[in-house]
Amino acid sequence: MRPARSYGGIAADERMRGRREQLIEAAIEVMARDGAGALTVRRVATEAGLSTRFVYESFADLDDLTGAAFDMTSRELATAVNTAVRGAPTGRRARITAVVEAITDFFLTRPAKGKFLSTRAYGHPGSARTRLARSEDYVAAFAALLADLVDGLGAEDRAVALTSRFLVSAFGETMTALAYGETPYTRDEFVHDNVELFLGALDGLDRIADQSSSSDSS
């Protein structure tokens, strides 16, 4: 089997990966700037500075492209959050602050990707389907964090699952408002107030855990 040809010292498969990433970034920019209705193969190719044939070579269709874009952006956000949590001091406030800061800063420093991850990304079928699937990943991640911070409740507990869904949904809408400049907060004020809301949810879980423990012992 002959090795793939290289051009300018770059192997063919590496060039393909590079073009794929260019097209994903271009799709994100188009949707964030002009909305889901503006997304076409030609618009993506023009934004990326590539021929339309590379879009067809890299993706089955626009749904495939937007799904890949949502997957990539979600992974980048997850990496940012995981890095922040690993470096955070122990304790509820410190860890919740690390999560809120990481997500907030991701949206503020990558505005196109923040808008693309927002609830308004439901406008395109491909990103909508992928977003719904990834929402379950977000719920599971929050459940694991909450269970680690509340004594007596595991990640599979129904109260933890309920609170996780509540937080993912509510915080998602809040982040959408931030991404589109619709919330009258500075960055630090936004982080502070959201941390307080998260801590309030944890206080509620504490009470549920206490009630559950009392019921079990009676």
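The values are calculated or read from the model by the stated rules, or taken from the named source; none is laboratory data. What you see is a predicted model, and the numbers here were worked out from it, not measured in a lab. Positions of Cβ are generated from backbone atoms using ideal geometry, with glycine treated the same way; all protein chains shown enter the neighbour counts.
Data overview
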item	result
Test: residue in the range 64-71 that is over 20 Å from Phe106 (Cα atoms), surrounded by fewer than 15 Cβ atoms within 10 Å (Cβ to Cβ), touching a helix residue (DSSP H, G or I) at 6+ places or on another chain (Cβ under 9 Å) and assigned by TED's automatic domain parsing to the domain that holds Lys113	no
Test: Glu47 is under 18 Å from the mean Cα position of the chain (by Cα) and surrounded by fewer than 20 Cβ atoms within 10 Å (Cβ to Cβ)	no
Number of the condition not met by Thr83 [criteria: (1) closer than 30 Å to Asp148 by Cβ; (2) surrounded by 20 or more Cβ atoms within 10 Å (Cβ to Cβ); (3) β-branched (Val, Ile, Thr)]	(2)
Where Gly152 falls short, out of the listed (1) modelled with pLDDT under 90; (2) in a helix (DSSP H, G or I)	(2)
Residue among Val191, Val168, Val139 that is in a helix (DSSP H, G or I), touching a residue at least 40 places away in the same chain (Cβ under 8 Å) and crowded, with 17+ Cβ neighbours inside 10 Å	Val191
Top-ranked residue in the range 144-156 [being over 14 Å from Leu199 (Cα atoms) and free of Cβ contacts under 8 Å to residues at least 40 places away in the same chain; ranked as surrounded by the most Cβ atoms within 10 Å (Cβ to Cβ)]	Ala155
Failed item, numbered, when Arg93 is tested on (1) under 12 Å from the mean Cα position of the chain (by Cα); (2) more than 20 Å from Arg134 (Cα to Cα)	(1)
Within the range 38-114, helices (runs of 4 or more DSSP H) holding 2 or more residues that are closer than 21 Å to Val191 by Cα and without any contact (Cβ under 8 Å) to a residue 40 or more places away in the chain	62-86, 92-109
Of the criteria (1) loosely packed, with under 12 Cβ neighbours inside 10 Å; (2) modelled with pLDDT of 90 or more; (3) assigned to a helix (DSSP H, G or I), which one Asp13 fails	(2)
Residue check for Val160: modelled with pLDDT of 90 or more, in a helix (DSSP H, G or I) and under 14 Å from the mean Cα position of the chain (by Cα)	no
